[in-house]
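Colleague: Before anything else, here's the structure in question.
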Amino acid sequence: MASSLPEELDWSVPAVMGERSVCSTEVPAGNKASFGETSLSGCDSHVPSSEVLEAIENVIQGVLQSLAQKKAPVLTVANRTDWRNIEFKDSVGLQMIRRCTTKQIRSDCPQSATRFALMLKILSMIYKMVQSNTYATKRDIYYSDTLLFGSQSAVDHIINDISCMLKIPRRSLHILSTTKGFVAGHLSYTEEDGTKVNCTCSATAVSVPSNVQGIKNLISHAKFVLIVEKDATFQRLLDDDFFNKVSPCIMVTGRGVPDLNTRLLVRKLWDSFQIPVFSLMDADPHGVEIMCVYKYGSVSMSFEAHHLAVPSIKWLGLLPSDLKRLNISKDALIPFTKQDQNKLASIQKRPYIACQPAWKKELEMMAASKLKAEIQVLTSLSQDYLSRVYLPNKLQFGGWI
């Protein structure tokens, strides 16, 4: 544990499980291009429209060449969810290795022909949007033809594959992510269209901007950023005027598992102000998992690690050891489910835990007790214990790991 707010937080090492895509033909590492060596780096990375159009044209040209040679066209994409393709780097977080295994989305295979067609369809939509300088959300793309795409998750996975395949961030593909996160506290900025936003004056939270990379003129006198897992906890701190009472701060919530824009905003705040970033999560495996997404990134989005992960994030609470220290009654705690046990066991096996001895100890304590707690358990001590006692003491005496 630290003893006071540091000028800089220590870097750590990275990871988190991602989703698994449909199969096709796996190609061993070394036989295909180096997907990692031109990974999407830099918080404000932007690819000119001409380069985006050229990249898509090259893909289509490859398809046409195969047809001209009477061969079945294939699209080659990186195995984004394969741990063998992932490495941990202190200064970046979770990232894709230089030469990773790939898979071929084949047009002549019944298992992947539909996916092949959908990838071409979305590439065509992206091409038109870039040409006309228009934008769409992933949801817009899905609802443009729900029968064709089948599900929102299918569209999401294909867009991520295309972004990784072209080595171009989503924003440059003119695809926006739907925002569900909120931000409040000592922060003002200007949006891409010139709209000025002042989070400090707001009585309510401000929605995280849909184009985080387009915001500019960020101004803040905050001493730290506080990531809050749940919306209910975030709203309670907002009602208690927490960001003014204790120390000037910026509060962000992804309202559960964070969306892309919320993660981009946390990273942009850290890049812009270089102030400590703390996380306030439930003392359960799900809360730890969410914290790891912010801190280390996710396996499936490792190709965008440079502008998503914030390896300096510290775990402020709710720590399993806090439950014992504060004499929280066992009656107020929740027994583990089988799913909780499996998730915690999975987290404990991840490589970065070995580099976090304090985290390892807390997780062992959680595993031994087989009990979990929501942040709301602190109300058993007093209604405003979180904002009046718990957080001020943690921040003053260095109660983070």
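Colleague: Please list, in order along segment 344-352, the HN-Hα scalar couplings obtained from phi with the Karplus expression 6.51 cos²θ - 1.76 cosθ + 1.60 (θ = phi - 60°), rounded to whole Hz, x for Gly and Pro.
Modeller: Those phi angles translate into 4, 4, 5, 5, 5, 8, 5, x, 6 Hz.
Colleague: Could you provide, to the nearest whole Å², the per residue accessible area of segment 182-397 with probe 1.4 Å? It would help to have the intermediate numbers written out before the result.
Modeller: On the way: 8420 Å² over 216 residues.
Normalised by residue count, the accessible surface of segment 182-397 is 39 Å².
Colleague: Averaging sequence separations of C-alpha pairs under 8 Å and six or more residues apart, then dividing by the length of segment 182-397, give the relative contact order as a whole percent.
Modeller: Value for segment 182-397: 18 percent.
Colleague: I would also like to ask the following. Calculate what fraction, in whole %, of the accessible area of segment 182-397 sits on carbon and sulfur atoms when a 1.4 Å probe is rolled over the protein chains.
Modeller: 51 percent
Colleague: For Asp239 and Lys324, what does the FRET efficiency come to when R0 = 25 Å and r is the distance between their Cβ atoms, rounded to the nearest 0.05?
Modeller: The value I calculate is 0.30.
Colleague: State, as an integer percentage, the relative contact order of segment 210-326 based on alpha-carbon contacts under 8 Å between residues 6 or more apart.
Modeller: 27 percent
Colleague: Mind checking segment 115-223 for trypsin sites (Lys or Arg not before Pro) that DSSP puts in a loop (not H, G, I, E or B) and that have at most 16 other Cβ atoms within 10 Å?
Modeller: Of the trypsin sites (Lys or Arg not before Pro), the ones in loops of segment 115-223 whose Cβ has at most 16 other Cβ atoms within 10 Å are Lys223.
Colleague: Counting only heavy atoms of protein chains, what accessible area per residue, in Å², does segment 50-176 have with a probe of 1.4 Å?
Modeller: Here the residues of segment 50-176 average 46 Å² of exposed surface.
Colleague: Further question on the same structure: So which trypsin sites (Lys or Arg not before Pro) in segment 306-380 end up in coil per DSSP with only 14 or fewer other C-beta atoms within 10 Å? Before the final figure, lay out the partial values.
Modeller: Details: sites: Lys314, Lys324, Arg325, Lys330, Lys338, Lys343, Lys349, Lys360, Lys361, Lys370, Lys372; in loops: Lys349, Lys370.
In loop regions of segment 306-380 (DSSP not H, G, I, E or B), the sparsely surrounded trypsin sites (Lys or Arg not before Pro) are Lys349, Lys370.
Colleague: Would you kindly derive the ³J(HN,Hα) couplings of segment 154-161 from the backbone phi angles with the Karplus curve 6.51 cos²θ - 1.76 cosθ + 1.60 (θ = phi - 60°), listing them in order in whole Hz, with x for Gly and Pro?
Modeller: 5, 5, 4, 5, 5, 4, 5, 5
Colleague: Tell me, what HN-Hα J-couplings in whole Hz come from the Karplus equation 6.51 cos²θ - 1.76 cosθ + 1.60 at θ = phi - 60° for each residue of segment 390-401, using x for Gly and Pro?
Modeller: Per-residue couplings from phi come out as 4, 5, x, 5, 4, 6, 6, 9, x, x, 10, 9 Hz.
Colleague: Could you tell me what percent of the accessible area of segment 50-176 is made up of carbon and sulfur, with a 1.4 Å probe and every protein chain present?
Modeller: Numbers: 2930 of 5850 Å².
Answer for segment 50-176: carbon and sulfur cover 50 percent of the accessible area.
Colleague: Also: Test of understanding: what is the full-extension gain from Lys349 to Leu147, defined as 0.36 nm times their sequence separation minus their Cα-Cα distance?
Modeller: So the extension gain works out to 68.7 nm.
Colleague: Right, next: Do you know the relative contact order of segment 219-275, to the nearest whole percent, from alpha carbon pairs under 8 angstrom that are 6+ apart?
Modeller: Relative contact order for segment 219-275 comes out at 43 percent.
The values are calculated or read from the model by the stated rules, or taken from the named source; none is laboratory data. Since this is a predicted model, take the numbers as computed values, not measurements. Note: ideal-geometry Cβ built from the backbone for every residue, glycine included; neighbour counts use all protein chains shown. Please note that ligands, DNA and RNA were not included when accessible areas were found on the heavy atoms of the full protein model with its side chains. Shrake-Rupley method; radii C 1.70, N 1.55, O 1.52, S 1.80 Å.
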